[in-house]
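As structure tokens, the structure follows; a few thoughts come after it.
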Amino acid sequence: MDDNKKEHKVIGQGATPFTQTYFHGTKADLKIGDLIEVGYNSNYGQRKNAKYIFLTGTLDAAIWGAELAFGDGQERIFLVEPTGKIENDPDLTDKKFPGNPTQSFRSTEPFKVVGEVTVWQGHSAEQVKTMQEHLEKLKEQGINSLND
């Protein structure tokens, strides 16, 4: 073999695209490999049987999700991969944040838990209380989530 020419051997299938990993904030006790699916009571709003499940591309939005979720469980942030199509969350993108800067999405197809963020800084107790009061005022005005 010529010293200037190198032989290249391909092992396996070659390059594959990376999968975008998203965050999911909750108080649910999940494990790596679990699927988050529709059909359970929502963590928010009127606690109806959830038509959608949610994920976000930002850690801050996932922290809010964990802090505002119903329940007494530990606030947790999971890394998730969608198993199907996701779409913009209309409650945030159309009503509050045009252009989706919070990178908030929803789906009717499961998310697979692929990891957990175990070190993160939550919002101050005052910020959480203010957000809860704001959400309660919206509820009193009859403004409910499209996602329940």
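Values quoted throughout were computed directly from the atomic coordinates according to the rules given, and no laboratory measurement underlies them. In this text the structure is predicted, and so the values were computed from the model without any measurement. Because the Cβ atoms are built from the backbone with ideal geometry, glycine has one as well, and the counts that use them run over all protein chains shown.
Structure values in brief
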item	result
Contour minus Cα-Cα distance for GLU109 and GLU37 (0.36 nm per residue)	25.2 nm
In Hz, Karplus ³J(HN,Hα) per residue of segment 107-115 (6.51, -1.76, 1.60; θ = phi - 60°; x = Gly, Pro)	7, 9, 9, x, 10, 9, 6, 10, x
Residue-count net charge about GLN74 - beta-carbon cut-off 13 Å; Lys, Arg +1, Asp, Glu -1	-3
